[in-house]
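FYI, it's all coordinate maths here, none of it is from the lab. All values derive from a computational prediction rather than experimental measurement. Neighbour counts run over all protein chains shown; Cβ positions are idealised from the backbone, glycine included.
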Amino acid sequence: MFSALPDSVSICEVSPRDGLQNQPVIVSLDKKLELIDALVASGLRRIEATSFVSPKWIPQLADADALAKALMARAASKTVQFSALCPNEQGVERASRAGVTEIAVFMSATESHTQKNTNRSTAEAFAIFAELVPAAMKRGMRVRAYVSTVWGCPYEGEVKPAVAIAIAKQLIDYGCYQVSLGDTIGVGTPKQTKEIVERAIGEIGAEKLALHLHDTRGTALANALVGLELGVRGFDASVGGMGGCPYAPGAAGNLATEDLVYMLHGMGISTGIDLEKLIVAGRVASRVVESALPGKVHQAGLPRVM
Ligand code: HMG
Ligand code: MG
């Protein structure tokens, strides 16, 4: 174990999107910007800021156009890659008008979750993304992809890795620069993660992979460690452990960014992030959503000698 650890890994912060989409409160635009500014100040350089999805489906992110315009006007947009989810051409059009240069498309490993989350079948999703991804790239956008429910589906239960990875590979073949494999409801365990990641590396390549691990059952960090050991260098995380998917019942927050950074720095792996400042950003997150957050380092802080 720990035979081939990297010098650094890349973290994509998803709290402004995945974190806020599942909150019972609607956070104001100013407070969202305050959170994103605090994340930027911690050194994060990839931030998924919002979603250009239907406001009827995700009212929490209905201000995506104004938020993205405000972000792209900030000096930080020169050094931070802000991105946003887009489910369809209407979303890409909105992202383009706001000046967003990176989008993420998403679908699930299972028919039922794709249907519940986006009101379309797997075949319809493929048909949409086969056109949308190259078209967005022609507009000069980078396109990332998510495959959800890879470790298990709230509607179908067990998921075959071969099926999930075939979907991921198809999204890469459309032109996505990276595919993030999602444990949407946080059911994964390390041996299962090894099987999924080894297959994904074999078929897609480690350099095009990221892991997006919700921490519903406390296994996200262990699964991230398995991915790291196998060669994955991209991880999604959410400050304070905020997050969830309104269309995946039982999904708790993502792997907390502070917990991931604490582990990586402790192993001598750099992230470009200042953990003390990240902890401050976690406090901002808790304040703007008006609730306690589950992240361990968020709660315990850094170790201090008494
Ligand atoms: P639909 O209702 O089938 O859409 O939704 P439609 O094309 O029939 O249009 C219906 C209405 O929505 C129309 O408006 C459209 O204009 C509007 P109306 O005429 O009724 O006033 N509309 C839009 N408005 C703004 N922006 C758009 C847009 N598209 C349509 N882009 C749709 C289909 C895909 C749009 C909908 O199902 C949707 O928005 N779903 C998104 C759900 C979502 O965001 N889920 C959470 C993100 S995924 C996730 O969390 C998992 C992830 O984190 C990874 C993991 O954890 O595994 C990524
Ligand atoms: Mg998610």
Next item on the list: For the range 195-263 and the range 83-104, write down the distance between their C-alpha centroids in whole Å.
Entry: 24 Å
Margin query: Cut-off is 10 Å between beta-carbons; in what order do Trp151, Trp57 appear when sorted fewest neighbours first?
Written below: Trp57, Trp151
Notebook entry, point to check: Quick one: which of 249-256, 129-136, 15-22 comes out on top by average Cβ neighbours within 10 Å, and what's the full order, highest first?
Noted result: 15-22, 249-256, 129-136
Margin query: I'd like the FRET efficiency for Thr79 and Ala4, computed as 1/(1 + (r/R0)^6) with the beta carbon distance as r and R0 of 25 Å, rounded to 0.05.
Written below: 0.25
Margin query: Quick check for you: which residues of the range 78-93 have the amide N under 17 Å from the point 7 Å beyond the Cα of Ala135 toward its beta carbon?
Written below: 85-93
Notebook entry, point to check: Expressed as a rounded percentage, what relative contact order does the range 10-300 have, with Cα pairs under 8 Å and six or more residues apart?
Noted result: 20 percent
Next item on the list: Principal axes first, then extents: for the Cα atoms of the range 190-285, list largest minus smallest coordinate on each axis, whole Å, largest first.
Entry: 40, 36, 20
Item checked: Mean separation of Cα contacts under 8 Å, 6 or more apart, over the residue count of the range 56-202: relative contact order % -> 20 percent
Check: Sorted by average packing, counted as other Cβ atoms within 10 angstrom per residue and highest first, what order do 163-175, 26-38 take?
Finding: 163-175, 26-38
Next item on the list: In debye, nearest 20, what is the charge dipole magnitude of the chain about its Cα centre with +1 on Lys and Arg Cβ and -1 on Asp and Glu Cβ, if you could check?
Entry: 420 debye
Note to self: List the residues, sorted by chain then number, that are 5 or more residues from Ser108 or on another chain and whose placed amide H is less than 5 Å from its amide H.
What the structure shows: Thr114, Ser148
Item checked: Beta bridge orientation in the range 39-174: antiparallel %, DSSP, nearest 5 -> 5 percent
Note to self: Which one, Ala251, Ala224, Phe129, is farthest towards the positive end of the dipole of the chain when Lys and Arg carry +1 and Asp and Glu -1 on their Cβ?
What the structure shows: Phe129
Next item on the list: Mind checking which of Gly202, Tyr146, Tyr177 is farthest towards the positive end of the range 10-300's charge dipole, using Cβ charges of +1 (Lys, Arg) and -1 (Asp, Glu) about the Cα centre?
Entry: Tyr177
Notebook entry, point to check: Computed over the Cα atoms of the range 10-300, what is the convex hull's projected area averaged over all directions, in nm²?
Noted result: 12.8 nm²
Item checked: Ascending count of other beta-carbon atoms within 10 Å, so fewest first, for Met306, Met137 -> Met306, Met137
Note to self: Take Phe126 and Glu229, extend 7 Å from each Cα along the Cα→Cβ direction, and tell me the distance between the two endpoints in nm.
What the structure shows: 3.5 nm
Margin query: Restricting to DSSP H runs of at least four residues, report the calculated mean residue ellipticity at 222 nm for the chain, -39500 (n - 2.57) per run over all residues, nearest 500 deg cm²/dmol.
Written below: -12500 deg cm²/dmol
